[in-house]
Every structure is written in C-alpha cells, then in structure tokens.
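Asks: To start, I am sharing the structure in question, which I have written as structure tokens.
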Amino acid sequence: MRKFNVLVNVLSNRYFCSNKSNVLVYNWKNKIKEPLNYNKILTWYICGPTVYDSMHIGHASCFIKFDIIRRILENYFHVPVFQVMNITDLDDKIISKAHAYNKNPSQIAKKYEIEFVEDLKLLNIKQPDIMARVTDFIPQILNFIQDLQEKDLVYSSDGSLFFDTTKYKRYGKLFKVPKVVKHSFKRSNLDFALWKAAKAGEPSWNSSWGPGRPGWHIECSAIASYYFGSSVDIHSGGIDLLFPHHENEEAQCCAYHKVDDWVKYWIYTGHLHIGDSIKMSKSLKNTISVKDLLKLYTANQFRTLCLLSNFKNDLEFSDNTMNVACGVLNKFDSFIMNCYTYLNTFNSNYIPDSNLLEKIDDIENNIRNSLMDNFNTSKVVNLLIELINVFNKLLTTECSFNCSKLEVIRALNLVSKTMDSFGIDLNSSQVKSDAENNFIVDITVNFREKLRKLALQSDSEISKKDILQLCDILRADLSIANIIVQDINKSSSWRYDGVTKLKAKESPHQD
Ligand SMILES: [Zn+2]
C-alpha cells in the first residue's frame with residue numbers, strides 16, 4: 001500500500017505555524033480534554049455519507065459542527081488542516097434502492113453524491129481536501145485484508161471473511177463492549193465482516209477468497225491509512241459511529257500498522273432531536289431534508305443554532321430553538337448595520353474611552369480562551385451579545401453611538417471577524433429566495449406605477465403629502481419581504497429582518 005506520499009505532497013504546499021495549537025479538545029479515547037498537538041499539519045479523517053438518499057438535517061448538523069471546528073482551527077488558530085472524507089458508494093441500502101428503482105447501484109450512488117456536494121455548498125460547509133469513494137479503493141482494501149490474514153486475525157465463515165476480535169487484546173478501547181454471546185456463523189457476536197461473499201445481482205470484485213465486496217469498517221481504515229499512514233490526529237463522526245464502527249476501525253488499524261494507538265483524538269457530535277426528545281434518523285422516518293430546511297430558514301440561521309450549544313451535546317431543532325437562533329443572528333445584523341450607519345453618516349467628537357477599550361480587550365481575550373476550551377462557541381456567542389449590549393446602551397434613537405468611532409470599529413471588527421471564523425458572513429446573512437425576490441420586484445414596479453399615475457394627473461397638484469404617503473406604503477410592503485427601511489434625517493438605510501413572513505410556515509416534511 002502506498003503510504004505517506006499523498007501527505008508529503010500536501011505538506012510541501014502548506015504554510016506551517018507550530019505543532020501546538022494551545023487548544024484543549026475532548027478526546028473520547030481517554031474521556032478527558034487534552035492539548036491538541038500535531039506534527040506540522042493536522043490530519044483529520046471524517047466519516048462521510050452513505051449515498052443512498054438525500055442528506056437530512058441530523059447529518060447536516062454533524063457536518064456543520066465539524067466545519068465550524070475546522071474553520072476555528074484554520075482561521076482562528078492558524079492550524080494547517082488536511083481533511084479526508086470517505087463516500088460510501090457501495091452498501092446494502094444503495095443496492096436495495098437500486099433494485100427498487102431498477103437502476104445500477106452506481107447510478108444511485110452518483111445521484112446522491114452530487115446532491116450531497118450541492119448540499120455542502122448550500123450550507124457553506126468547506127469541502128474536505130479529499131473525498132474518497134470506496135469503490136476507487138478496492139485494491140487497497142484487498143491488500144489491507146491480506147495483511148490482517150497474514151497476521152492470523154481473520155477467519156472465513158459462510159463464504160465471508162471476519163475479523164477475530166478476541167485476538168486483538170485492546171478491543172473495547174473506545175467503548176465498553178457488550179457481552180460476548182454465541183453467534184450462528186461468527187465465533188463471537190463482536191466479530192465483523194471484512195469481505196462479504198458475492199450474492200446474485202450485487203456488484204462484486206474478484207479476490208483470493210472468492211468474489212465479494214468489502215465490509216463497512218474496512219473501507220475507512222484502508223482509505224485513511226492510504227492518506228495518513230500509521231497515525232491520524234483527529235478522527236470524527238456522529239456519536240452513533242463510536243461503536244461498533246470506530247472501535248472496529250481502530251482495532252484493525254492498530255493490528256495492521258502494529259501500533260498501540262492509530263487515532264490520537266476521537267471527537268464526536270451529539271444527536272439532533274426534533275422537538276425535545278425524538279432523535280432524527282432515517283430508520284425512524286422522521287427526517288427533514290436540507291432542501292426542506294432551506295425553504296424555511298437560511299444556512300446562516302441553522303449554523304447559528306449549531307453554534308448555540310457545545311458541538312458534542314445533543315441539539316434540539318424546533319420552532320422555539322430556531323426562533324432563538326434567528327433572534328441572535330438578527331441582533332448581530334442590527335448591530336453591524338448600526339455600526340456602518342454611524343461610521344458612514346455621523347461625525348463624532350468623542351475621544352476614545354480607555355474603560356470601554358479595556359472592556360473590548362477583555363471580551364476578545366475571553367473569546368480566545370473559550371475557543372481554546374474545546375471550541376466553546378456558545379460561550380463566545382454570549383460574549384459577543386454582552387459586547388453588543390454594552391454598545392446598545394450607548395445607541396441613540398438616530399442610530400448614532402455615544403462613543404468614539406475607534407471603539408465602534410473595534411467592536412464591529414470583533415463581532416464580524418469572530419462570526420466569520422465560524423463560517424457566518426454577517427454582511428450577507430439573509431439570503432433571499434426567488435419568491436421573495438419576485439415579490440420585491442412586484443412591489444417596486446407597483447410603486448413606480450402609482451407614482452407615474454400621480455404625475456400624469458396634470459390637472460391636480462401633486463402634494464408632498466401624497467408622495468410621502470406612497471413612500472410609507474413601499475416601506476410597509478418591503479417589511480413583508482423582511483426588508484426593514486429606516487429613515488435617518490433625509491437619508492435612509494435598510495437591513496434584512498428575521499424569518500420570512502411571506503410564506504405561511506409549513507410543518508416539517510416527514511416521510
Ligand atoms: Zn468510517
């Protein structure tokens with residue numbers, strides 16, 4: 001198996017800072033927070049999707065949370081990250097869907113892989129450096145199994161090959177494994193398939209053990225070992241993957257590479273619940289797709305929800321929690337708008353206040369400390385709100401601040417740059433849908449028509465009152481499309497407001 005070559009190429013193209021990030025990360029291997037150390041570049045393997053259906057928002061929240069962590073490491077702590085994700089493009093679910101729709105499994109996989117990449121873009125999730133399809137790694141998987149067989153860790157049964165977990169002494173490193181009980185065709189219920197014997201109508205590859213296809217766990221071990229060799233810094237996934245998937249990956253990789261530990265830091269995201277208790281999953285048939293989510297909320301609003309709790313905790317998706325997230329984002333948007341209005345419109349005679357500047361410094365330091373403490377984004381959001389509240393007390397009814405422009409610039413930069421490092425661009429946080437854009441064009445054209453009719457009435461005097469009345473109507477109409485127009489003296493400014501009022505809120509799609 002080719003090792004390290006890929007990594008060496010990447011190493012030569014990246015800018016390096018230090019090998020210590022000063023970040024503490026919760027490591028599920030030792031169940032404690034540990035300093036995040038790495039060698040020149042931080043290697044990160046993330047378990048990707050099985051491409052048989054549309055991505056639901058439970059999966060999306062997992063990928064967004066890891067995207068936030070990646071961005072914090074890269075943007076905030078200047079850690080060079082090399083991230084690899086697998087795409088499971090061969091699996092029982094893909095095969096059964098292909099049979100149901102009379103298609104090839106590869107056609108189903110391709111369709112949903114394209115959709116997955118589109119969804120990543122819509123959610124502003126950075127694509128991993130490498131996305132590796134399992135079917136492109138069959139030779140590497142075969143070599144990996146061959147090596148395990150030479151180490152006497154493999155047995156065959158029922159035409160398939162299994163990993164013998166009793167021969168790997170540290171099995172149960174991540175998770176207190178269930179009791180071993182008798183199994184019909186495996187030596188232990190904990191043993192897992194490395195190579196599944198071919199069945200009629202299923203894709204298969206030739207091997208020295210007969211035609212078949214890889215088991216699930218071996219794919220990640222083979223792909224990650226291909227890119228990273230005998231050590232991976234971070235390995236991540238949803239908490240469901242901890243056992244058996246990651247326990248099995250770790251067992252076979254430690255055996256293959258002859259190392260005590262293959263992964264340095266195991267990190268996990270919690271579940272996403274609908275309402276306050278029900279976990280979202282395909283098997284429970286209670287999923288909401290990314291596309292359906294984006295009919296109701298923007299990507300920034302959903303990302304803000306993800307920021308409001310620790311990434312490793314469960315997350316509640318409901319009208320209430322989304323209203324809180326939208327409210328937080330609106331507060332940030334309004335603050336940014338007020339800052340720009342003040343900086344561009346008003347002259348300031350204030351001199352900088354050392355107490356206020358010190359307060360901004362304190363909040364900036366606390367933000368850094370919170371991010372170093374296992375990426376505590378919810379605390380950071382609270383610190384930014386605290387900062388905004390300080391400035392809101394200084395805000396006049398004319399959107400001018402009772403302080404110097406220096407302080408406003410510092411606060412504006414701290415809020416916008418911190419949120420930017422989480423993947424939220426506050427300057428364009430409200431993306432309008434086509435329906436809303438059409439509505440805006442309609443009301444603007446109607447307004448013009450009314451103004452024109454007024455002008456054509458040559459026999460009547462057009463009064464100032466008539467025109468101002470039309471302007472008020474337009475402002476009221478625009479607010480329906482969430483565009484809030486504010487008149488300041490003779491000039492006007494505008495901003496987007498929270499959740500759309502245009503469409504009646506539909507109940508979440510369930511299938
Ligand atoms: Zn995996």
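The values are calculated or read from the model by the stated rules, or taken from the named source; none is laboratory data. Nothing here was measured: the structure is a model prediction, and the numbers come from that model. Here Cβ is always computed from backbone atoms with ideal geometry, including for glycine, and neighbour counts include all displayed protein chains.
Asks: Working carefully through the options Ile218, Ile223, find the one that is in contact (Cβ under 8 Å) with a residue 12 or more places away in the chain, more than 16 Å from Tyr168 (Cβ to Cβ), part of a helix (DSSP H, G or I) and within 14 Å of the ligand (Cβ to nearest atom).
Replies: Ile223
Asks: Further question: List pairs: first residue in the range 441-470 and closer than 23 Å to Lys490 by Cα, second residue of a type in the set (D, E, K, R) and surrounded by 10 or more Cβ atoms within 10 Å (Cβ to Cβ) anywhere in the structure, Cβ distance under 9 angstrom, at least six positions apart or on different chains.
Replies: Close Cβ pairs satisfying both conditions: Ile443/Asp477; Thr444/Asp477; Phe447/Asp477; Leu454/Asp466; Leu470/Lys450.
Asks: Select from the range 69-95 the residues that are aliphatic (A, V, I, L, M) and within 16 Å of the ligand (Cβ to nearest atom) and list them in ascending order.
Replies: Across the range 69-95, the qualifying residues are Val84, Met85, Ile87, Leu90, Ile94.
Asks: Can you say whether Ile41 is in contact with a helix residue (DSSP H, G or I) (Cβ under 9 Å, 6 or more places away or on another chain), away from the ligand (no atom under 14 Å from the Cβ), over 25 Å from Asn310 (Cβ atoms) and at pLDDT 95 or above, as far as the supplied structure shows?
Replies: Answer is yes for this residue.
Asks: Filter the range 170-212 down to residues that are among the basic types (Lys, Arg), under 18 Å from Leu148 (Cα atoms) and surrounded by fewer than 15 Cβ atoms within 10 Å (Cβ to Cβ), then give me how many there are.
Replies: 1
Asks: Return yes or no: is Cys339 touching a Leu at 6+ places or on another chain (Cβ under 6 Å) and buried (at least 18 other Cβ atoms within 10 Å of the Cβ)?
Replies: yes
Asks: Name the single residue, out of those in the range 388-435 being at pLDDT 90 or above and more than 18 Å from Leu343 (Cα to Cα), that is surrounded by the most Cβ atoms within 10 Å (Cβ to Cβ).
Replies: Thr418
Asks: Also, I was wondering about something else. Please find, within the range 230-251, the residue that is farthest from Phe82 (Cα to Cα) out of those that are crowded, with 19+ Cβ neighbours inside 10 Å and more than 12 Å from the ligand (Cβ to nearest atom).
Replies: Ala251
Asks: All but one of (1) at pLDDT 95 or above; (2) surrounded by fewer than 20 Cβ atoms within 10 Å (Cβ to Cβ); (3) of a type in the set (S, T, N, Q) hold for Asn75; state the number of the condition that does not hold.
Replies: (1)
Asks: Then there's this: Return yes or no: is Ala98 touching a helix residue (DSSP H, G or I) at 6+ places or on another chain (Cβ under 9 Å), more than 16 Å from the ligand (Cβ to nearest atom) and hydrophobic (A, V, I, L, M, F, W, C)?
Replies: yes
Asks: Assigned by TED's automatic domain parsing to the domain that holds Ile68, crowded, with 21+ Cβ neighbours inside 10 Å and at pLDDT below 95: does that describe Leu284?
Replies: So Leu284 fails the test.
Asks: Run Ala325 past the list (1) closer than 27 Å to Ile32 by Cβ; (2) surrounded by 20 or more Cβ atoms within 10 Å (Cβ to Cβ) and report the number of the one that doesn't hold.
Replies: (1)
Asks: Here's a follow-up. Just to check your reading of the model, which residue among Tyr350, Tyr340 is among the hydroxyl-bearing types (Ser, Thr, Tyr) and outside any helix (DSSP H, G or I)?
Replies: Being among the hydroxyl-bearing types (Ser, Thr, Tyr) and outside any helix (DSSP H, G or I) holds for just one of Tyr350, Tyr340, which is Tyr350.
Asks: Regarding Asp333, is this residue in contact with a strand residue (DSSP E or B) (Cβ under 7 Å, 6 or more places away or on another chain) and not assigned by TED's automatic domain parsing to the domain that holds Val117?
Replies: Yes, satisfied.
Asks: Considering only the range 299-335, state which residues are part of a helix (DSSP H, G or I) and of a type in the set (Lys, Arg).
Replies: Matches in the range 299-335: Arg303, Lys331.
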